[in-house]
Amino acid sequence: MTTHAISPIADHLRLPAGPVDLAAIETDAAPGFAGDKADGKATLLAMGEELADLQERLWAQRTAGSERRVLLVLQGMDTSGKGGVLRHTIGLVDPQGVRITSFKAPTEEERSHDFLWRIEKGLPAAGYLGVFDRSHYEDVLIARVRGFADPEEIERRYGAINDFEARLADQGFSIIKCMLHISPEEQKERLAARLADPEKHWKYNPGDLDERARWADYREAYEIALERTNTDAAPWHVVPSDKKWFRNLAIGQLLLDTLRGLDLTWPEADFDVAAEQERLAAEAPVR
């Protein structure tokens with residue numbers, strides 16, 4: 001496989017090994033990109049043709065037996081912009097090759113199984129770009145903050161997640177994990193904007209303020225989860241997300257880097273192309 005250079009954006013966002021201090025990572029920055037908002041939006045749109053081409057190659061390769069697929073994991077506090085990424089970045093590629101799975105509060109059936117049971121069911125098939133809108137990380141984030149699992153179980157889950165993701169990588173998954181990093185001030189502005197606009201009331205949940213009151217607890221939970229599950233098979237990227245345009249651009253770049261790194265080619269024909277061309281040319285006119 002050819003080695004492709006990592007883009008400056010990806011290089012800046014890749015979380016280094018070791019302890020994580022989210023307070024030290026800017027939320028209103030655009031690391032690795034020198035342009036402004038207009039430049040960022042234009043750059044993302046310019047990626048669209050190549051992203052769509054590479055995604056179609058990935059989709060086509062499944063017909064030749066390829067097991068390769070891409071899994072994009074989006075995690076972040078409420079209003080961090082998971083929906084915006086789906087619209088503006090994932091929206092650049094063909095939806096027939098995309099599988100989006102949103103993980104809400106587990107059902108009674110899901111709670112009767114191990115926490116990864118429902119995650120396994122949501123995995124994309126070969127050839128797909130899968131997107132997790134929230135993910136298995138809820139089970140070491142909200143579960144830790146809200147005490148939905150005891151400390152021993154939370155500890156077990158970090159190791160289970162690492163084993164799970166390593167297995168996926170061995171099976172042909174390319175995993176892109178993104179923590180959408182916003183400030184509490186930016187979240188407050190976004191919540192206020194939802195309340196001020198009747199057309200956005202459906203997006204507002206009064207429980208968001210209850211979770212917001214636990215901001216420090218969530219930050220600690222994220223720091224622990226990021227440190228404990230930042231592996232070579234599935235590294236974390238912390239994406240500054242106060243600037244919506246940069247958030248969308250950054251994830252587009254991470255996706256483009258990943259697809260380029262797969263060296264995707266079109267499947268070769270499993271039939272005699274010349275013979276089929278002759279048959280078509282000799283065909284009687286259709287009446």
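The values are calculated or read from the model by the stated rules, or taken from the named source; none is laboratory data. None of the values given here were measured: they were computed from a predicted structure. No Cβ is skipped: glycine too gets one built from the backbone with ideal geometry, and neighbour counts run over all protein chains shown. Side chains included, ligands, DNA and RNA excluded: accessible areas come from the protein's heavy atoms. Shrake-Rupley method; radii C 1.70, N 1.55, O 1.52, S 1.80 Å.
Looking only at residues that are in a loop (DSSP other than H, G, I, E, B) and buried (at least 17 other Cβ atoms within 10 Å of the Cβ) in the range 7-30, which one is modelled with the lowest pLDDT?
Residues of the range 7-30 that are in a loop (DSSP other than H, G, I, E, B), as a first pass: 7, 15-21, 25-30.
Those still in the list that are buried (at least 17 other Cβ atoms within 10 Å of the Cβ) too: 7, 20, 27, 30.
Values: Ser7: 92, Val20: 98, Thr27: 98, Ala30: 98.
Per the criteria, the residue is Ser7.
Could you identify the single residue in Ala225, Ala216 that is in a helix (DSSP H, G or I) and touching a helix residue (DSSP H, G or I) at 6+ places or on another chain (Cβ under 8 Å)? It would help to see each step written out before you state the result.
Working: Ala216 fails: touching a helix residue (DSSP H, G or I) at 6+ places or on another chain (Cβ under 8 Å).
Residue meeting the stated conditions: Ala225.
Taken as a whole, the structure places Arg228 among residues that are within 17 Å of Pro16 (Cα to Cα), touching a residue at least 12 places away in the same chain (Cβ under 8 Å) and out of contact with any Ser or Thr (no Cβ under 8 Å at 6 or more places or on another chain). Could you please let me know if Leu92 is closer than 13 Å to Asn248 by Cβ and surrounded by fewer than 17 Cβ atoms within 10 Å (Cβ to Cβ)? Taking the combined requirement at face value, the residue does not satisfy it. When Arg247 is tested against (1) of a type in the set (Lys, Arg); (2) open to solvent by less than 20 Å² (accessible area, probe 1.4 Å); (3) free of Cβ contacts under 8 Å to residues at least 60 places away in the same chain, just one condition goes unmet, and that condition is (3). Here Ser241 fulfils each of the conditions (1) under 28 Å from Arg62 (Cα atoms); (2) among the hydroxyl-bearing types (Ser, Thr, Tyr); (3) within 20 Å of the chain's Cα centre (by Cα) apart from (1).
Condition (residue is open to solvent by 50 Å² or more (accessible area, probe 1.4 Å), assigned to a helix (DSSP H, G or I) and closer than 30 Å to Asp257 by Cα) applied to the range 152-163: is it met by at least one residue? I'd like the intermediate steps shown before the answer.
Here is the first cut: in the range 152-163, the residues open to solvent by 50 Å² or more (accessible area, probe 1.4 Å) are 152, 155-156, 163.
Subset that is assigned to a helix (DSSP H, G or I): 152, 155-156, 163.
Now drop any that are not closer than 30 Å to Asp257 by Cα, which leaves 163.
Yes.
On the stretch given as the range 168-207, residues that are out of contact with any helix residue (DSSP H, G or I) (no Cβ under 6 Å at 6 or more places or on another chain), among the basic types (Lys, Arg) and either open to solvent by less than 50 Å² (accessible area, probe 1.4 Å) or within 20 Å of Glu223 (Cβ to Cβ) (or both) total 2.
Looking only at the range 51-77, count every residue that is in contact (Cβ under 8 Å) with a residue 40 or more places away in the chain, of a type outside the set (Val, Ile, Thr) and open to solvent by 10 Å² or more (accessible area, probe 1.4 Å) and tell me the total. Reasoning before the result, please.
Restricting attention to the range 51-77, the residues satisfying the condition of being in contact (Cβ under 8 Å) with a residue 40 or more places away in the chain are 51-52, 54-64, 66-77.
Then drop every residue that is not of a type outside the set (Val, Ile, Thr), which leaves 51-52, 54-62, 64, 66-69, 71-72, 74-77.
Checking which are open to solvent by 10 Å² or more (accessible area, probe 1.4 Å) leaves us with 52, 54, 56-57, 59-62, 64, 66-69, 77.
Total satisfying the criteria: 14.
Tally time: how many residues in the range 50-79 are over 17 Å from Ile176 (Cβ atoms) and either of a type in the set (D, E, K, R) or assigned to a helix (DSSP H, G or I) (or both)?
Filtering the range 50-79 for residues over 17 Å from Ile176 (Cβ atoms) gives 52-53, 56-57, 59-67, 77-79.
Keeping just the survivors that are either of a type in the set (D, E, K, R) or assigned to a helix (DSSP H, G or I) (or both) gives 52-53, 56-57, 59-64, 67, 78.
The total comes to 12.
What residue, of Ala274, Ala213, Ala233, Ala282, is within 21 Å of Ser174 (Cβ to Cβ) and either of a type in the set (S, T, N, Q) or open to solvent by 30 Å² or more (accessible area, probe 1.4 Å) (or both)? Break it down stepwise before answering.
Working: Ala274 fails: within 21 Å of Ser174 (Cβ to Cβ); Ala213 fails: within 21 Å of Ser174 (Cβ to Cβ); Ala282 fails: within 21 Å of Ser174 (Cβ to Cβ).
The unique qualifying residue is Ala233.
Taking the range 84-118 only, how many residues are in a helix (DSSP H, G or I) and touching a strand residue (DSSP E or B) at 6+ places or on another chain (Cβ under 8 Å)? Summing the residues that are in a helix (DSSP H, G or I) and touching a strand residue (DSSP E or B) at 6+ places or on another chain (Cβ under 8 Å) in the range 84-118 gives 4.
Are any residues in the range 128-151 in a helix (DSSP H, G or I) and either of a type in the set (D, E, K, R) or within 16 Å of Pro235 (Cβ to Cβ) (or both), and if so, which ones?
Of all residues in the range 128-151, those in a helix (DSSP H, G or I) come to 138-145, 151.
Passing the criteria: Glu138, Asp139, Arg144.
Scanning the range 175-213 for residues that are in contact with a Leu (Cβ under 8 Å, 6 or more places away or on another chain), free of Cβ contacts under 8 Å to residues at least 24 places away in the same chain and either β-branched (Val, Ile, Thr) or not in a helix (DSSP H, G or I) (or both) gives a single hit, Tyr204. Considering (1) open to solvent by 40 Å² or more (accessible area, probe 1.4 Å); (2) at pLDDT below 95; (3) not basic (Lys, Arg), the lone condition that Asp39 does not fulfil carries the number (2). When Pro124 is tested against (1) touching a strand residue (DSSP E or B) at 6+ places or on another chain (Cβ under 9 Å); (2) surrounded by fewer than 20 Cβ atoms within 10 Å (Cβ to Cβ); (3) free of Cβ contacts under 8 Å to residues at least 60 places away in the same chain, only condition (2) is not met.
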